[in-house]
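Chemist: This is the structure I want to talk about, given as structure tokens.
The values are calculated or read from the model by the stated rules, or taken from the named source; none is laboratory data. Bear in mind the structure is a predicted one, so any value in this text is a computation, not a measurement. Ideal geometry is used to build each Cβ from the backbone, glycine not excepted, and the neighbour counts take in all protein chains shown.
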Amino acid sequence: MITGLVNNAGIGGEDKPTHEITEEEWDKVMAINLKGTFLCTKHAIPYMMKAGSGSIVNISSVYGLVGSGGVPAYHASKGAIIAMTKNDSIIYAKNKIRVNAICPGGVWTKIWEPAIARSGISEEQFKQWLASQHPLNIVGEPIDIAYGVLYLISDESRFVTGSVLVIDGGYTAK
């Protein structure tokens, strides 16, 4: 029996303007970030329906809410995840299946490795720069997002569906 699902796969993709991205580069990001979310949801829903309830948490990004001037495919995939979350929350509410999304800000994970390599500065300098992009002046850690997931996947959020929980150190408040 499956009653909870967290869709958390994602890659950044190529950091170049939209008109320079190849179709293959675009498709790779969409296949992992968006299609992965779709396929996991598609195959978990029947088990949740059978169980009589469920909770799905889709990991999107602040870059699904605002632009950064880079990684266009990433932005598009994460924005689509937000739209999918809201639509699925309506479709499956009658089945007592809640669907929500989390939009992390700068969280220290391996997704930053290509950006660090391109930056020409040390990892520590990059981390300091990333912290400076958030009003709290810190970089998020995976545990910061995990607590949001824990809330949304649990019965403590029984009245929450179609929501987007932004955990971003104030990034989108600017």
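Chemist: Taking region 1-50 only, how many residues are part of a loop (DSSP other than H, G, I, E, B) and either touching a Leu at 6+ places or on another chain (Cβ under 9 Å) or not basic (K, R) (or both)?
Modeler: Final tally of qualifying residues: 14.
Chemist: Considering Y92, Y147, Y151, which residue is aromatic (F, W, Y), more than 23 Å from E14 (Cβ to Cβ) and out of contact with any helix residue (DSSP H, G or I) (no Cβ under 9 Å at 6 or more places or on another chain)?
Modeler: Just one listed residue meets the conditions, Y147.
Chemist: Quick one: which residue in I21, I32 is farther than 19 Å from C103 by Cα and either out of contact with any strand residue (DSSP E or B) (no Cβ under 7 Å at 6 or more places or on another chain) or of a type in the set (D, E, K, R) (or both)?
Modeler: Only one candidate qualifies: I21.
Chemist: Is there any pair with a first residue in region 93-121 that is touching a residue at least 40 places away in the same chain (Cβ under 8 Å) and crowded, with 18+ Cβ neighbours inside 10 Å and a second that is among the polar types (S, T, N, Q) and part of a strand (DSSP E or B) whose Cβ atoms are under 8 Å apart and which are 6 or more apart or on different chains, and what are they?
Modeler: These pairs meet every condition: I97/S55; R98/S55; V99/S55; V99/N58; N100/S55; N100/N58; A101/N58; I102/N58.
Chemist: Being at negative phi and either among the hydroxyl-bearing types (S, T, Y) or surrounded by fewer than 15 Cβ atoms within 10 Å (Cβ to Cβ) (or both) is the filter here; which residues of region 161-174 pass it?
Modeler: Of everything in region 161-174, those that are at negative phi and either among the hydroxyl-bearing types (S, T, Y) or surrounded by fewer than 15 Cβ atoms within 10 Å (Cβ to Cβ) (or both) turn out to be T161, S163, Y171, T172, A173, K174.
Chemist: Would you point out which residue out of S77, S157 is of a type in the set (S, T, Y), touching a residue at least 12 places away in the same chain (Cβ under 8 Å) and surrounded by fewer than 20 Cβ atoms within 10 Å (Cβ to Cβ)?
Modeler: S157
Chemist: Within region 70-171, considering only helices (runs of 4 or more DSSP H) that don't extend past its boundaries, which have at least 1 residues that are under 14 Å from the mean Cα position of the chain (by Cα)?
Modeler: 72-92, 142-153
Chemist: Can you tell me which residue within region 139-154, out of those that are crowded, with 16+ Cβ neighbours inside 10 Å and of a type in the set (V, I, T), is modelled with the lowest pLDDT?
Modeler: V139
Chemist: Among the residues of region 100-144, which ones are in contact with a helix residue (DSSP H, G or I) (Cβ under 8 Å, 6 or more places away or on another chain) and acidic (D, E)?
Modeler: E123
Chemist: Quick check on region 27-55: of everything there that is in contact with a helix residue (DSSP H, G or I) (Cβ under 6 Å, 6 or more places away or on another chain) and β-branched (V, I, T), which residue is surrounded by the most Cβ atoms within 10 Å (Cβ to Cβ)?
Modeler: Per the criteria, the residue is T37.
Chemist: Considering only region 14-26, I want to know if a residue exists there that is crowded, with 17+ Cβ neighbours inside 10 Å, of a type outside the set (D, E, K, R) and over 16 Å from S89 (Cα atoms).
Modeler: Yes: region 14-26 contains one or more residues that are crowded, with 17+ Cβ neighbours inside 10 Å, of a type outside the set (D, E, K, R) and over 16 Å from S89 (Cα atoms).
Chemist: Please work out if N58 is under 23 Å from G148 (Cβ atoms), at pLDDT 95 or above, outside any strand (DSSP E or B) and polar (S, T, N, Q).
Modeler: no
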